[in-house]
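To start, the structure itself, in structure tokens.
The values are calculated or read from the model by the stated rules, or taken from the named source; none is laboratory data. Predicted model only: the values in this text are computed from it and were never measured. Here the Cβ is made from the backbone with ideal geometry for all residues, glycine too, and neighbour counts use every protein chain on show. Note: areas computed on protein heavy atoms with side chains; ligands, DNA, RNA excluded. Shrake-Rupley method; radii C 1.70, N 1.55, O 1.52, S 1.80 Å.
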Amino acid sequence: MDEKESLRVGAAVKRRRRALKLTLAVVASRSGLSVPFLSQIENERARPSTRSLQLVAGALETTAAELLAAAESARTVDVVRAAEQLHDMPIGVRPLVRGRHQLHALEFTGEQDAGREFQHRNDELLFVADGAAEVEAEGRAYRLERGDTLYLSGGVRHRWRATESGTRLLVVAVAEHIEADDAS
């Protein structure tokens, strides 16, 4: 199995498990693998060996080849057009990635002021495409101007606000633990 296939097989495993209405614990029991490892596979944080994939496939009443074939169809290329309005977003906030993925990216336009402090488990990058912003992180203020970036490692408390009208700030982050809407 090549690296691209193994990185994307988690979505196929999760879809198959849910289609069978099985919990991770049941798949773990059937496969002899641990629940945490299976969770990492499903969330594409771990790559199963060929043997592990065979064990998972057996527990899911399918074959490794079928899971890999389903993984191929899980690959996504998606364009979000600048003029496209995606639902449930406040004015001045636009998602740059559609759906739920491990990469989370938003564009904030205008004089945004979140007004609250954030602390995310995973890493985040702020990029000023236009205008200027002020970020307060770990008790220190940073003024960012057009073209500047600020990297925040997971766990860093921060807040930010646009300081010029017409500011466009892109926030790209590794998403939190991703789960589908229905229960495991």
Being in contact (Cβ under 8 Å) with a residue 40 or more places away in the chain and open to solvent by 80 Å² or more (accessible area, probe 1.4 Å) is the filter; apply it to segment 60-72 and report the residue that is nearest to the chain's Cα centre (by Cα). Glu72
Hey, does segment 23-30 have a residue that's within 27 Å of Leu103 (Cα to Cα), under 23 Å from the mean Cα position of the chain (by Cα) and open to solvent by less than 20 Å² (accessible area, probe 1.4 Å)? no
It is to be established whether one or more residues within segment 42-51 are under 18 Å from Val9 (Cβ atoms), open to solvent by 80 Å² or more (accessible area, probe 1.4 Å) and free of Cβ contacts under 8 Å to residues at least 40 places away in the same chain. yes
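Does Ala57 satisfy the criteria of being small (Gly, Ala, Ser), open to solvent by less than 70 Å² (accessible area, probe 1.4 Å) and touching a residue at least 12 places away in the same chain (Cβ under 8 Å)?
Values: small (Gly, Ala, Ser): yes; open to solvent by less than 70 Å² (accessible area, probe 1.4 Å): yes; touching a residue at least 12 places away in the same chain (Cβ under 8 Å): no.
Criteria not met by Ala57.
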Go through (1) over 22 Å from Ala82 (Cα atoms); (2) at pLDDT below 95 and name the single condition Ala133 misses. (1)
Given (1) over 22 Å from the mean Cα position of the chain (by Cα); (2) modelled with pLDDT of 90 or more; (3) open to solvent by less than 60 Å² (accessible area, probe 1.4 Å), index of the condition Glu164 fails: (3)
Taking into account only those residues within segment 144-161 that are without any contact (Cβ under 8 Å) to a residue 24 or more places away in the chain and not in a strand (DSSP E or B), which is surrounded by the fewest Cβ atoms within 10 Å (Cβ to Cβ)? Gly147
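Assess whether Val93 counts as being within 18 Å of the chain's Cα centre (by Cα) and modelled with pLDDT of 80 or more.
Values: within 18 Å of the chain's Cα centre (by Cα): yes; modelled with pLDDT of 80 or more: yes.
Here the answer is yes, as Val93 does meet what is asked.
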Take the residues in segment 96-130 that are more than 16 Å from Ser153 (Cα to Cα) and among the basic types (Lys, Arg), then tell me which one is modelled with the lowest pLDDT. Arg100
